[in-house]
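Where a number appears in this text, it was derived from the coordinates with a stated rule and is not lab data. This one's a predicted model, so the numbers in the text were calculated from it and none came from an experiment. Because the Cβ atoms are built from the backbone with ideal geometry, glycine has one as well, and the counts that use them run over all protein chains shown.
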Amino acid sequence: MAATSTPCGLFSRALFDPHATDSRGQLGPRSVCLPLFPIVPRKNASCYSRPASRSVIAMANEGTPAEASSELPEIVTTIKEEWNKLEDKYAVASLVFAGIIALWSATGIISAIDRLPIVPGVLELVGIGYTGWFIYSNLIFKPDREALLEKVKSTYSDIIGNNS
């Protein structure tokens, strides 16, 4: 039994040139449809399988494939080098896993708080008030700005470990 090709129409027009015409001369995206699979009877079954149609969309890339492939190995080799330098890989993997779980649970908690009727508005007011207080106490006057900048630099040097 010969398979036939049918036109496919489930495409986003934003991804394609809207002025392009298809084989019928109509405006719209260009697509390629693969032929339908022939109906083949199954063993030990009295019913036949339905034919499936596959749709393939081909899009041109503005950059060359060599540019994308040359960056990937450099990133991968850097990650491999850093991973090989680590002494306690299980601890790092556990910390990454714990960070992902903490981020996931924090997202759930925030979305649960956001669904409460009054709390999001109150928290927004608290945030606006704290931002105003921070600006007033640290950014308006020049001595306060200099003190804040010095505090940020000292905290940065404490974290990084530089004695500058």
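Tabulated data for the structure shown
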{"read-out": "Filtered residues of segment 75-119 (kept if part of a helix (DSSP H, G or I) and of a type in the set (Lys, Arg))", "value": "Lys80, Lys85, Lys89"}
{"read-out": "Matching residues in segment 134-151 - criterion: being loosely packed, with under 10 Cβ neighbours inside 10 Å and in a helix (DSSP H, G or I)", "value": "Lys142, Pro143"}
